Amino acid sequence: MTTISHVRGCLPSTMVSFGTALTTGTSEFTKQVGNMGSAVDKTSLGWKGSASVAATASAISRKVTATRIDEIVTQVADYYKTYGARLDGTRTALLTIVDNTAPAAGMKVADDGTVTAPTYPKTEGNTMLAFIMQARLDSQASWLQGRLRELLKDFGDGEQQSATFIKKGVDALQTLKDKPTAPMIDLPPIPPPKSPDGRYTIGDPKRPFLPHDDTFLYDSKDAGFKDWLKKMEWQGKMLGGEYVRSDLDDATALYRHYWENNGKTQEFDYDEAYREDGAIRRSVDSEISRAAIAADHFARTGNRNFQMTGDKTTIGKNNNYPETENWQKAIGGYQQWSHANVRVEGNRVTMDITVEADDYYNFDKGKNDKGTGTPDEVNGRFTEVGWAKPFESHGSVTRTVSWEVGQPPASGSTDAASTPDRNVGREDRSDGRDDGDDARKPDNDRGTGTARPK
């Protein structure tokens, strides 16, 4: 196990200096070999016959060998510089807690990262106050302990990974030393930094794969007379819902798109879902909170201006299934992930985060509508006979969150000021009645699908 004394004794900044010197030395070496090859080539121009061929071949051989060495040494230098910077950032963050934050709060830190809170003094008449204050101190100590152990693990993992990569580079150089004409050796690329929980990675947004779990195959069966009757029944229910159930505007909009039978991706208003549905709001807030913790970690380990992307979370399977009938019918269970732009100015971290929601709108054998209990087979049948087509749907919420380095928000909830302006042509009223404009019922997204009737 990596300990605080071990981290304190390490000097990863030396790795950075060595990597830089190695790069400089390699560039100079390559330049000199290139000059040598050029001189040999010029000399060989005056030679004739086999001597000229031999001299040129020798020069080419030396150039190829030098290029191989240059590439390998440059990559080894990158290993030193990259991991040195990461380890140095982690070391700085860890020692800041050990030498400053914890002592300032009167806490003791053991070598393994265990943090012990001071005992709040008890006097006659302050028993309840002492109990409350002690609980606060213990909670703070627990948070610092968790943070320290994350940093210790991160440092240990970084050391192990850097040692593995550097060894591969050194082994490759040894191979070239013993056999300069050996095939080019491929070294592993440096993986992007990950947060301690493994969920977030520094880098461009990467949309996760959205599976199409069709249990009713499109246009796989012939329609019968009963199917025509059911079609009229359910399209009638759709029209009735659009006119009477304004609280189901998003659900009926997506259901109408299902009947449009073109399979085009449909956008839904995730910001509206955030306001209307408590479970969806908790899911978004949790994602923002987790992302802030990851961004704070990256900031404390030396990153100043960066993008990061997170892994997907399946919402609704075991957590936070939508509470409102509208959003149960509109998206039900779905995939959520996020990406963010993060900047650090002085001691302040600012994160512009977009939480994405991706869903595949279809019906599944063996499932039922949560609100009415209607079996999915009823509507899945329309897919089988080729009258209604499943489709992907998507929505997003963007927020800006800011905090002091080392103090990421405990909750992902944000001020209303960071919420985009409402589009009154399609957003719901707070009382859920007569939504949208006076001319027609609100469309979920006027850029896709068919407009609703007036």
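Rule-based calculations on the coordinates, nothing more; no lab input. For clarity, every value in this text was computed on a predicted model and none was experimentally measured. Cβ: placed from backbone, ideal geometry, glycine included. Neighbour counts: every protein chain shown.
Compute the Cα gyration tensor for region 125-175, then decide on rounded, prolate or oblate, letting a ≥ b ≥ c be the square roots of its eigenvalues: rounded whenever a/c is under 1.5, prolate when a/b is larger than b/c in the other cases, and oblate in all that remain.
prolate
Starting from 0.36 nm per residue, how many nanometres of slack lie between HIS212 and LYS153 once their C-alpha separation is accounted for? The partial results should precede the final answer.
On the way: separation 59, 0.36 × 59 = 21.24 nm, distance 3.76 nm.
Working it through step by step, the gained length comes to 17.5 nm.
Need one number: the % of Cα-Cα pairs in region 232-389 sitting beyond the 19 Å mark.
In whole percent, the share of Cα-Cα pairs in region 232-389 beyond 19 Å is 60.
Please give the charge dipole size of region 358-403, origin at the Cα centre, charges +1 on K and R Cβ atoms and -1 on D and E Cβ atoms. Round to the nearest 20 debye.
So the magnitude is around 100 debye.
Just to confirm my numbers, what's the Cα centroid distance between region 306-376 and region 185-249 in Å?
Measuring centre to centre over Cα atoms gives 11 Å.
What does a probe at GLU404 reach in region 132-154, counting residues whose amide N is under 20 Å from the point 7 Å along Cα→Cβ?
136-148
Around ASN368, under 14 Å between beta carbons, what's the net of Lys plus Arg minus Asp minus Glu among the other residues?
Numbers: positive: LYS329, LYS365, LYS367, LYS370; negative: GLU325, ASP364, ASP369, ASP376, GLU377.
Computed value for this residue: -1.
Once you place label points 7 Å from the Cα toward the Cβ at THR116 and THR24, how far apart are they in nm?
According to this spin-label approximation, the distance is 4.8 nm.
Report, in listed order, any pair from LYS237/LYS389; LYS194/LYS264; LYS226/LYS317; LYS194/LYS365 with a Cα-Cα distance greater than 30 Å.
From LYS237/LYS389; LYS194/LYS264; LYS226/LYS317; LYS194/LYS365, over 30 Å: LYS194/LYS264; LYS226/LYS317; LYS194/LYS365.
Quick check: residue separation of THR123 and ALA163 times 0.36 nm, minus the Cα distance between them. What number comes out in nm?
Working: separation 40, 0.36 × 40 = 14.40 nm, distance 5.45 nm.
Between THR123 and ALA163, full extension yields an extra 9.0 nm.
Need one number: nm distance between label points at THR265 and GLU233, each 7 Å from Cα along Cα→Cβ, rounded to one decimal.
The modelled label-to-label distance comes out at 3.6 nm.
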